[in-house]
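For reference, the structure discussed in these notes is given below.
The values are calculated or read from the model by the stated rules, or taken from the named source; none is laboratory data. The structure presented is a predicted model; accordingly, all values stated were derived computationally and were not measured. With ideal geometry, Cβ positions are generated from the backbone for all residues, glycine too; neighbour counts draw on all protein chains shown. For the accessible areas, the whole protein counts, side chains as well, though only heavy atoms, and no ligand, DNA or RNA atoms are used. Shrake-Rupley method; radii C 1.70, N 1.55, O 1.52, S 1.80 Å.
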Amino acid sequence: MTLFGYRVPMMASLLVWCVVWEVVGRLDLVFLLPPFSDVLVAAVSLVQTPSWQSATVTTLRAFAMGMALSIVIGVPLGILMGRVKIADDLLGMWVNIFSSAPLSAIVPVLMILFGFGEKTIVAAVFLFAIWIIVLDTRAGVRHISPSLIEMARSYGASRPALYTKIILWAALPEILAGIRLGLIRGVKGVVIGQLLVAIVGYGALFETFSRNFRMAEFWALTIILFAFALLIAELIERAEAKVEYYAGARQ
Amino acid sequence: MGATALRNGPSPVPAPIDSIVEVRGISKTYGNVEALRGIDLDFPRGKLTSLLGPSGCGKTTLLKIIAGLIRADGGTVAINGKRVSAPGPERAFVFQDFALMPWATVTRNVAFGLELRGTNKAEREEIARRYIAEVGLAGFEDKYPHELSGGMRQRVGLARALSVDADVLLLDEPFSAVDEQNRRKFQEDLIRLRTNQNKTFIFVTHSIEEAVYISDRIVLLSPRPGRVSQIIEPEIDRSGDPERIHRDRHYLDTVDEIWQGLKQYVE
Amino acid sequence: MAVSIRTDGEAAGLASSSNRSATGASWDQPILLRLVSIALFAGIWEVAGRIPVSFAFPTFSDTVVAFFGLLADGSLATAYLSTLQPLVLGVVLSAFLGVSLGTICGLWRTGEWLVIPVFIVLQAAPVAAFIPMVTFVYGIGMTAKTLAVMILALPVIVLNTYKAVRNVNESLLVMCRSFLGTNWQTVAKIILPDASPVIFAGLRLGVAAGFVGVVLAELLITPTGIGDLITFHRSRADYAEMYATIASIIALSTLTLVFLQWVEVRVFRPESRGA
Ligand SMILES: Nc1ncnc2c1ncn2[C@@H]1O[C@H](COP(=O)(O)OP(=O)(O)OP(=O)(O)O)[C@@H](O)[C@H]1O
Ligand SMILES: [Mg+2]
């Protein structure tokens with residue numbers, strides 16, 4: 001949008017919404033919505049509390065572990081499915097199902113299998129993130145031009161070299177795209193997992209804040225979480241932009 | 001077989017007796033690219049005029065200004081003596097990329113101009129069927145664009161333009177996305193259509209041979225800024241076997257003539 | 001159609017508009033292979049249940065038996081009745097709201113500037129955190145569940161519609177203008193038909209998100225429906241029943257999505273859009 005001849009960045013409108021929020025909050029129009037400034041103040045004091053800090057450490061740790069696991073398992077699985085037809089035939093259907101299934105229904109199972117603790121959260125992150133990583137990796141491997149692989153063969157590349165030197169790199173743009181989507185899903189997984197377990201990390205905080213109607217802190221926590229999710233998406237998008245050039249050149 | 005008439009230079013061309021489209025002093029600048037400068041042109045009624053020139057010289061721009069799809073920075077366009085600056089019912093456009101609706105059948109695509117005017121369904125489909133047959137697509141009425149070849153798709157585009165019964169047909173490189181065989185066949189069809197439809201055609205092309213083969217008049221544009229550099233009237237007898245034209249001496253001479261004129265711009 | 005957008009809808013920014021992700025692929029494998037695949041899955045589940053990997057891991061056969069038990073005593077039907085109502089209502093409301101909003105944003109720059117960033121944020125952020133809030137405001141009932149569905153389904157529908165309208169085939173717009181189409185005709189006869197495959201894909205993703213929303217709402221707060229059935233059997237340690245309920249909701253969501261995809265392929269015939 002342009003205003004008085006200047007191009008106003010798209011995301012700038014979020015500031016407008018913050019102002020609207022402030023006004024609505026001041027006028028007490030919506031139940032449970034304190035003014036935005038109160039939320040910011042609450043956010044500043046919240047990040048100084050030990051309970052928030054330990055919750056953040058727990059959450060980040062579970063998130064990192066779950067993501068690492070889903071990448072370490074998801075990428076090779078995707079490559080396998082992209083290269084081996086029978087693996088694709090047998091697994092493809094299930095990967096597709098789980099990538100769009102209401103996985104929140106499975107979290108209760110994780111809770112009884114892994115207990116009401118961090119392991120369940122790690123498993124939830126893993127469960128939410130892995131499928132899209134597998135699907136995108138598979139798609140990336142499928143898109144590799146056969147002549148590239150024939151080139152590697154004709155120059156005598158061994159099987160491991162073929163995978164680590166050609167296939168992994170040629171499929172990298174898609175793999176990164178998959179990881180980015182996986183990260184976004186992983187954030188949702190960590191939150192849903194914690195909300196359901198309700199005694200770990202942010203889930204416990206959300207529970208406390210909403211039970212005691214500490215709305216400013218509730219919104220502060222939400223905003224921190226949202227900011228974190230957007231930051232992650234942004235970072236990986238930057239990384240993607242770096243490999244984008246050969247994604248285009250490849251075709 | 002008449003002689004090839006050549007009129008050289010940017011000196012004003014004596015206006016033909018009956019011109020349907022009059023372009024006066026048209027100029028257009030995109031940012032800092034001056035695409036057209038001071039174009040004065042008259043398009044005689046019932047004739048096929050080609051706009052020919054090197055890539056980027058502003059042929060499409062001029063055609064779209066005549067169509068009213070782009071606004072000129074200066075100058076006027078008049079159709080039948082009336083100034084126009086927006087699309088109107090007396091002009092119809094044939095698009096380089098066909099611009100067919102993939103979700104609509106051939107009939108609906110052809111009838112689309114009439115549909116927009118609010119012509120009732122039975123009537124517009126009747127008209128559409130007639131023009132589908134006219135362009136040689138009878139039997140393909142219920143097909144979808146993706147089931148047709150490039151040449152056939154452009155025939156749909158042509159039938160659509162014919163069906164709104166405009167006086168002036170504007171064609172922007174209609175054959176550039178069509179393979180060579182179809183292109184030849186299509187050119188022959190266009191010659192035939194021009195004789196029995198009694199419409200005015202303004203035709204943009206890259207190809208000298210194509211221009212000479214089908215045109216009554218050829219307007220050569222110089223590259224940026226586009227100006228009229230020459231107007232040629234290849235007086236070629238098109239009544240006989242179309243195959244013969246390609247070997248006609250006047251045809252070959254005219255092609256060579258134009259090539260000599262355009263060569264300077266290529267270097 | 002010269003549009004290349006990620007219909008996956010999970011893109012956080014609109015900057016990357018490559019169509020490289022590949023959700024919803026390969027439903028076209030032969031039926032036999034699919035059966036083998038299902039049999040293999042069931043077999044592994046059965047073996048894992050027999051070892052057993054955990055006291056809370058029933059065998060496949062027990063789960064199947066439990067499923068028919070739930071069917072027979074009507075508890076599954078009752079639960080679905082209470083789950084599907086808010087789901088359908090929420091998805092329908094989101095569809096109307098989302099498609100209108102997305103279309104407006106695609107056509108109107110100021111609306112785009114104002115509204116789209118909000119939905120980009122909502123799409124990337126874990127909005128599930130709002131669901132407990134919603135129950136606080138609206139109590140435990142139909143309204144809260146419907147809102148939970150809408151919170152999850154709306155962003156993807158809005159963003160897909162917006163992108164589709166925004167990326168509408170430029171040359172068709174020019175064509176419509178040259179044949180004297182009015183603005184309304186351009187929207188009704190060119191923009192919406194051209195955008196409809198992507199809009200429909202957005203609706204399908206919205207349905208998938210709606211399933212997540214309704215199950216989550218039921219697990220978190222409202223003690224009704226499928227979520228309650230899961231929680232109830234977990235508390236009684238009827239693990240086979242619990243697994244059967246979970247499998248049934250996943251199966252239902254999968255079948256719904258496969259059906260929608262089938263409709264999509266049938267109605268919009270993606271192969272024809274190259275023209
Ligand atoms: N929308 C636009 N914005 C900026 N510059 C443009 C635009 N359209 C055309 N131009 C420039 O104006 C000049 C004339 O363009 P135009 O498309 O009319 O040429 P053309 O003769 O049709 O070329 P071609 O034979 O390649 O189709 C070109 O240099 C082109 O780069
Ligand atoms: Mg052009």
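Anything over 22 Å Cα to Cα? Flag those among B:Lys143/B:Lys199; B:Lys121/B:Lys199; B:Lys121/B:Lys143; B:Lys59/B:Lys185; B:Lys28/B:Lys263; A:Lys119/A:Lys188, in the order listed.
Values: B:Lys143/B:Lys199 28 Å; B:Lys121/B:Lys199 25 Å; B:Lys121/B:Lys143 18 Å; B:Lys59/B:Lys185 24 Å; B:Lys28/B:Lys263 25 Å; A:Lys119/A:Lys188 16 Å.
Pairs exceeding the cut-off: B:Lys143/B:Lys199; B:Lys121/B:Lys199; B:Lys59/B:Lys185; B:Lys28/B:Lys263.
Computed from backbone phi with θ = phi - 60° and the Karplus coefficients 6.51, -1.76 and 1.60, the 3J(HN,Hα) list for region B:94-103 is 10, 8, 4, 9, 6, 6, 9, 7, x, 8 Hz; x is used for glycine and proline. Normalising the average separation of contacting C-alpha pairs (under 8 angstrom, six or more residues apart) by the number of residues puts the relative contact order of chain B at 28 percent. Of the chymotrypsin sites (Phe, Trp or Tyr not before Pro) in region C:77-159, which ones lie in a loop per DSSP and count no more than 13 other C-beta atoms within 10 Å? When the chymotrypsin sites (Phe, Trp or Tyr not before Pro) of region C:77-159 are filtered for loop state and at most 13 Cβ neighbours within 10 Å, C:Trp108 remain.
Residue order by solvent-accessible surface for B:Glu125, C:Glu112 is B:Glu125, C:Glu112, largest first, with ligands and nucleic acids left out and a 1.4 Å probe.
Counting only other chain Cβ atoms within 10 Å of each residue's Cβ, the peptide C:127-135 averages 6. For A:Asp28, the solvent-accessible surface computed with a 1.4 Å probe is close to 120 Å², ligands and nucleic acids excluded. Give the distance, in whole Å, between the Cα centre of region C:205-275 and the Cα centre of region B:162-178. Using only Cα atoms to place each centre, the spacing works out to 52 Å. Of the DSSP H helices in chain A, those that are both long (alpha-carbon extent of 18 Å or more along the helix axis) and hydrophobic (Kyte-Doolittle mean at least 0.5) are A:13-27, A:50-83, A:85-100, A:118-143, A:172-197, A:215-250. Shape analysis of region B:181-220 places it in the oblate category; the axes a ≥ b ≥ c from the Cα gyration tensor give an a/c of at least 1.5, with a/b not above b/c. Less than 5 angstrom separates the built amide H of B:Gly226 from those of B:Leu36, B:Arg37, all sequence-distant by 5 or more or on a different chain. Surface calculation, 1.4 Å probe, protein heavy atoms: B:His246 sits at approximately 40 Å² accessible. With helices as the sole contributors, chain C gives -24500 deg cm²/dmol at 222 nm; each DSSP H run of n ≥ 4 counts as -39500 (n - 2.57), and the sum is divided by every residue. Multiplying the residue separation of C:Trp262 and C:Arg34 by 0.36 nm and removing their Cα-Cα distance gives an extension gain of 80.4 nm. Averaging the sequence gap over all C-alpha pairs within less than 8 Å and six or more residues apart, then dividing by the number of residues, gives chain A a relative contact order of 24 percent.
3J(HN,Hα) couplings calculated from phi for region C:196-205 with the Karplus curve 6.51 cos²θ - 1.76 cosθ + 1.60 (θ = phi - 60°) are, in sequence order, 4, x, 6, 4, 5, 4, x, 5, 4, 5 Hz; Gly and Pro show x. Compute the long axis of helix B:121-134 from its Cα atoms, compare it with the longest principal axis of the Cα atoms of chain B, and write down the angle in degrees, 0 to 90, nearest 10. On a 0 to 90 degree scale, this one is about 50. Going by the alpha-carbon gyration tensor, a ≥ b ≥ c the square roots of its eigenvalues, is chain A rounded (a/c under 1.5) or, if a/c is not under 1.5, prolate (a/b greater than b/c) versus oblate? Oblate. Remark: mean inter-chain Cβ contacts per residue of C:114-124 equal 5, using a 10 Å Cβ-Cβ cutoff to other protein chain atoms.
Measuring nothing but how far apart in sequence close Cα pairs (under 8 Å, 6+ apart) lie, relative to its length, chain C scores a relative contact order of 26 percent. On association of chains A and C, roughly 6000 Å² of accessible area becomes buried (total for both chains; probe 1.4 Å).
For chain C, the longest principal axis of the Cα atoms and the long axis of helix C:60-72 meet at an angle of about 80 degrees. What's the angle, to the nearest 10 degrees (0 to 90), between helix B:150-163's Cα axis and the longest principal axis of chain B? Roughly 90 degrees between the two axes. With a simple spin-label model that places each label point 7 Å from the Cα along the Cα-to-Cβ direction, the separation between B:Arg249 and B:Asn182 comes to 3.8 nm.
The string of couplings for region C:36-41 from the Karplus curve (6.51, -1.76, 1.60, θ = phi - 60°) is 4, 4, 5, 4, 4, 4 Hz, one whole number per residue in order, with x for Gly and Pro. The fraction of accessible area contributed by carbon and sulfur in region B:100-165 is 44 percent, rounded to a whole number (1.4 Å probe; ligands and nucleic acids excluded). If you sort the three axes of the alpha carbon gyration tensor as a ≥ b ≥ c, you get a/c of 1.5 or more for region C:87-190 and a/b above b/c, which makes it prolate. Restricting region B:35-141 to trypsin sites (Lys or Arg not before Pro) that sit in a DSSP loop and have at most 14 other Cβ atoms within 10 Å of their own Cβ leaves B:Arg71.
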